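Comments concern the structure below.
Read-outs throughout are calculated quantities, based only on the coordinates presented, and are distinct from any laboratory measurement. Remember, it's a predicted structure, so these values are computed and weren't measured experimentally. All Cβ positions, even for glycine, are placed from backbone atoms using ideal geometry, and neighbour counts span all protein chains on display.
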Amino acid sequence: MKKYIIGFGLLVSIYLPRATAQDRAFVAASSAPGAARSTTPAPALGAAPSVTGDAAPAADPISAAGVKAEFVRSWDAYRKYAWGHDLLQPVSRGHADWYKESLHISPIDAYSTMRVMGLETQAKEVEQYIIDSVTFDKDIFVKTFEVNIRILGGMLAMYAYTQNPVILAKTRDFGDRMLKAFRSPTGIPYYWVNLRTGEAKGAKVNTAEAASYTFELGLLSYYTRDPKYYQAGKKATMAIYSRRSPIDLVGFEINNETGEWLNKDAYIGAGADSYFEYLYKSWLLFRDPELRQVWDRSIAAINRYIPEKIDSSVWYGRVDMNTAAKTSPAVTLYDAFFPTILALDGHMKLAEQFQATWNRLWNKYGLEPMGYNYKTGVPTDPVYDLNPEIIESAYYLHHITGDNRYLDMGRKYYSDVLKYCRTDIAFSSIADVRTMKQNDELPTFFFAETMKYFYLLFGGNPAVNIDKYVFNTEAHPFKKSDFQPAEIKTRLGIK
Ligand code: DMJ
C-alpha cells in the first residue's frame, strides 16, 4: 500500500497540475491505515430512511430510475460505514477524512443531488445533521479552492432549497472563515486557510485555485446582502486577467504575493478549467458586464491559439501564453468540461468536435484516463476517479441539440461505470483504466456531480435544466429566476 502511494504521488506530481495532485494525494494519504480519523464521534443515526418506493430497483438499470437506485445504494453505504466522515471507502467498507477532523464533505456535496432526485427523507436528515452536529470552527488548514466549490457551494445550494436561516448563518460563518484566505497583496487567495485562526499560507496557486470564486461568493453576497464576498472573488479574477499576455492568454501557475507567473503555459484543463467556467457562468447568473468582456476576450484568444486538429479529433493542449508556441500535448480528463461552456456560448461546431474527441478516448479504454498524451496516444496518468466532466458535456449537448447521439454516449458511459466501478456497497475509483483495478476511493463529486448529470441526462427531472438553472463547478444548481437583476447589482456591488 505504502509503495503504491509513493509511486502514485510521484506519478501525479510529474504529470498532473498541482490542484489535482494534491487532492488525490490527500485521499491516498487519508485512506492509508491509521490515517486521519475524526476525533469527535458522529452522533448516532436514527433508523435508515425508508427508500422503498423512492428508489425501487429499476427495470432498466441504464435509466434515471436505475441511477437513482444506485445513488441510494451508495448513500446507504456511506450512512452505514462512514457517517460523520468525509469519505466512504467503497471496497474496504471504511471511512476517511481529508484533514485531521471531518468536514462532512460527502453529505454536504450530496445534498443538492438528493433534492434533484426527490430523495426528501435523506435530504432532511442531512440538513438536520448539519444544523445539530456540524461546526466549522476547527483548527485545521483547508484547501481554499476545494472547500469553496464543495462546502460553500453545497451549503449555498442547501440554503437555496430550504430557505432555512440557520443554514444561511452556518454558510455565512463558513464564508467568513474562508474569506481570510484572500488577504494577499494581489487579492488572489492563499492555497490554505486555517478555519479557526484565519492564518493563510501557500503563495503558489494555479489559475483555477487563484480565481474560481465569483460564483459562490456572488451567491453569498446575494443571500447576505453584503457585497464584500463577491468583490473579493472578483478582485482575484481581475488579478489574473490583468496579468494576461499581449495575446490575451493567461498562464497556469502564479505567486499570489508577487503576481509573477510561475508557469506560463496557457491551458483549459485541470488547474485552469474553472477560472474560465466561472467567467461565463458568473456572468450568466449575475450579468456583470465586466466579466462578460473578460470572457469574450479570453475565449477568442483560446480558440484562436490553442486547439490542434489531428485527423478528426480536436485537442486543447498547452501553449506559451506569450508566443502561442505549443509546449505540451498532455491533456487531462477535466478538459472534457469545455464542450459545456463552448455550447452555452454558441460555439456549437467546436463543442461537438471536442465532445467527439473525448468520446473516442473514453471508448478506447472503456473509461477515461486522468492524463493523456494525444501525440503518443499513451496515458500519462491512468487513474479514473469517477469524474463527471464528459457526462456533464453529454447532458448539455443533448439538451441544446436534442440529438440522441449524446444520450447514447451517456448510456455507454453509465454502463461502463456500472461494469468497472461498481462495488458490493457503492462505486470505486479505478487505479488504472488499462487493468480496471479498483482503488477503494469514492470522491465526493460522485454524489454531487457524476450521478446528478447521469440522472438529468436520462430525463430524471426535466424541471431542473440548463435553461432555468446555472450549476456551479461541483454541479450545485441555482435557479436563475431567484435572482432579481436590480437586487443583484446592489447586493453584489456591480457598477
Ligand atoms: C470537480 O471537483 C469540479 O468539477 C472541479 O472544478 C474539477 N473537476 C472535479 C471533478 O472531476
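About the Cα centre of the range 233-345, what is the dipole size in debye to 20, counting +1 per Lys and Arg Cβ and -1 per Asp and Glu Cβ, all else neutral?
Numbers: 13 positive and 15 negative charges, 53 e Å.
Its charge dipole is roughly 260 debye.
With an 8 Å Cα cut-off and a minimum separation of 6 or more residues, compute the relative contact order for the range 257-381 in percent.
Values: 148 pairs, mean separation 28.9, N = 125.
It rounds to 23 percent for the range 257-381.
Show the residues, 5+ positions off or on another chain, whose built amide H is closer than 5 Å to the amide H of Asp432.
Hits under the 5 Å cutoff: Tyr384, Lys437.
For the range 424-495 and the range 270-308, what is the separation of their Cα centres, given in Å?
19
Using amide H atoms built in the peptide plane, which far-off residues or other-chain residues are under 5 Å from Asn472 H to H?
The answer is Phe478.
Please identify every one of the trypsin sites (Lys or Arg not before Pro) in the range 170-239 that sits in a loop by DSSP and has no more than 16 other beta carbons within 10 Å of its own beta carbon.
Working: sites: Lys170, Arg172, Arg177, Lys180, Arg183, Arg196, Lys201, Lys204, Arg225, Lys228, Lys234, Lys235; in loops: Arg183, Arg196, Arg225.
Taking the range 170-239 and a limit of 16 other Cβ atoms within 10 Å, the loop trypsin sites (Lys or Arg not before Pro) found are Arg183, Arg196, Arg225.
Which pairs in the list Lys201/Lys228; Lys375/Lys412; Lys100/Lys180; Lys143/Lys170; Lys201/Lys264; Lys80/Lys364 are over 28 Å apart, alpha-carbon to alpha-carbon? Provide the component values of the computation, followed by the final result.
Details: Lys201/Lys228 21 Å; Lys375/Lys412 26 Å; Lys100/Lys180 20 Å; Lys143/Lys170 19 Å; Lys201/Lys264 22 Å; Lys80/Lys364 36 Å.
Long pairs (Cα-Cα over 28 Å): Lys80/Lys364.
May I ask you to list the residues of the range 202-230 whose amide nitrogen lies under 19 Å from a point 7 Å from Cα along the Cα→beta-carbon direction of Lys489?
Under 19 Å, as judged by backbone N against the label point of Lys489, lie 218-219, 221-223, 225-228, 230 of the range 202-230.
Label points 7 Å out from Cα along the Cβ direction at Arg297 and Ile247: separation in nm?
1.7
Per residue of the range 145-156, in order, report the coupling 6.51 cos²θ - 1.76 cosθ + 1.60 (Karplus, θ = phi - 60°) as ³J(HN,Hα) in whole Hz, putting x for Gly and Pro.
Whole-Hz 3J(HN,Hα) from phi for the range 145-156: 4, 5, 6, 5, 6, 8, 7, 4, x, x, 5, 4.
Suppose a student asked you for the relative contact order of the range 104-193, using Cα pairs under 8 Å spaced at least 6 residues apart; what percent would you report? Provide the component values of the computation, followed by the final result.
Numbers: 74 pairs, mean separation 29.1, N = 90.
For the range 104-193, the relative contact order is 32 percent.
Along the Cα→Cβ direction, 7 angstrom out, place labels at Asn461 and Arg422. What is the inter-label distance in nm?
Going from the Asn461 label point to the Arg422 one covers 2.3 nm.
What list of ³J(HN,Hα) couplings, whole Hz, do you get for the range 271-285 from phi and the Karplus terms 6.51, -1.76, 1.60, once you set θ to phi - 60° and write x for glycine and proline?
3J(HN,Hα) across the range 271-285, in whole Hz: x, 10, 2, 6, 4, 5, 4, 7, 4, 6, 5, 5, 5, 4, 7.
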